[in-house]
Amino acid sequence: MNRMDQNQGDDVMEARSRELFNEQVANLDGHTRSRLNRVRQAALDAARHEMQEPIMRWLMPAGGVAALALMALFGWQVLQQTPEPGKEVVVAESAGVITGAVDDLELITDSAELELLQNMDFYAWLGSQTDSALPAAEDG
Amino acid sequence: MRLANMYASISPVSAPVQMVEYRSASLTEESTLDHIHDLEQFLASVERRAFQIARMALRDEDEAMDIVQDAMLKLARNYSARPCAEWRPLFYRILNNRINDHRRRRVVRNRLFGWLPGYQQEDGEVGDPYEQVPDTRQEPCEQVMVGHAMLVLEQALAELPQRQREAFTLRNFEGMDVAETAMAMGCTQGSVKTHYSRAVHTLRDRLGEVW
């Protein structure tokens, strides 16, 4: 009998507390509802972002890893090319190649030399003429 | 459809392939929109109840709002791709974890800074001096809704051990079954039954006289 009363008491307490809770939820003020609405929209924006750009989520870390690997490879190659006693000649040769390449670059970027490049055919023809032919052309 | 016609006019040879691609892309977009719509409905269905649970546990509306926001964002970012049936226990699990973290931080904060004059103790015993100024405005919501019984219930719930409070909240307020509650609490169904039974007995002892 006591157990039945206890169960009934539990049921009443559970029902009453549930009723109070539901009443509180139903009577939330407009300000709180508005804030909850904004919070929900922010969460939905986050979900949209996550769903619509799943590739970017993987690409960005993968790109970072690839960049790091490239930098490591470059650093390793530089370390491999440090001068050693028996390889000084090779280093000097490669330094000469680099200097030549820089000179070529200056030649190409120099605006005065660009005119020369544009009239290359003429200068090639001029170079092919014999020295004796030139004064005759001038005389003519 | 206009986009598909445009594809056909540009390259008629590969048009069928592009039509398939376009159709699959639009289907993916549709399913994403459906999923977002489902998520919105789910969040709308639980947001007020979640806020009320957090408010009762922390007895602070602003903190409760922050916790609901955190829980929604975490669910949306990390678990929105999961099946809809899993959202409810996951959401309440996140919410309960946030509430417990917050309560722990509050206890530590009170221990560290509680000796400072004017520092707000737990349950708002002492607070900001400006907040102590009596508000003479009528608060109809509190007058109408928050009765004595509700305040007593909140107090009794706040004094329950954490796991018992979670079990009672999820089972009684949210109407979850034992399996769902176990998933939300991250424990076995037997533990849920034990926690819930103890919570009910404790609450009945404390609230029986008032109600």
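Given labels modelled 7 Å from the Cα in the Cβ direction, how far is it in nm from B:A179 to A:L59?
Result: 4.2 nm between the two label points.
Take A:A124 and B:S45, extend 7 Å from each Cα along the Cα→Cβ direction, and tell me the distance between the two endpoints in nm.
8.1
Rounded to the nearest 0.05, what FRET efficiency do A:L70 and B:T32 have when you use their Cβ-Cβ distance and R0 = 45 Å? Spell out each step's value before the answer.
Details: r = 34 Å, r/R0 = 0.77.
For R0 = 45 Å, the calculated efficiency reads 0.85.
Over both sides of the B-A contact, add up the buried accessible area with a 1.4 Å probe and give it to the nearest 100 Å².
Approximately 3600 Å², summed over both chains.
What nm value, rounded to one decimal, do you get for the distance between B:R111 and A:Q52 when each label is placed 7 Å out toward the C-beta?
4.7
Under 15 Å from the Cβ of B:K193, count the other residues' Cβ atoms, weight Lys and Arg +1, Asp and Glu -1, and hand me the total.
Numbers: positive: B:R163, B:R171, B:R198; negative: A:D10, A:E14, B:E166, B:D177, B:E180.
Every neighbour counted, the sum reads -2.
The values are calculated or read from the model by the stated rules, or taken from the named source; none is laboratory data. Just so it is clear, the structure is predicted and the values come from calculations on it, not from any experiment. Reconstructed Cβ throughout: ideal geometry from the backbone, glycine too, with neighbour counts over all protein chains shown. Keep in mind that these areas ignore ligands, DNA and RNA; they rest on the heavy atoms of the full protein, side chains included. Shrake-Rupley method; radii C 1.70, N 1.55, O 1.52, S 1.80 Å.
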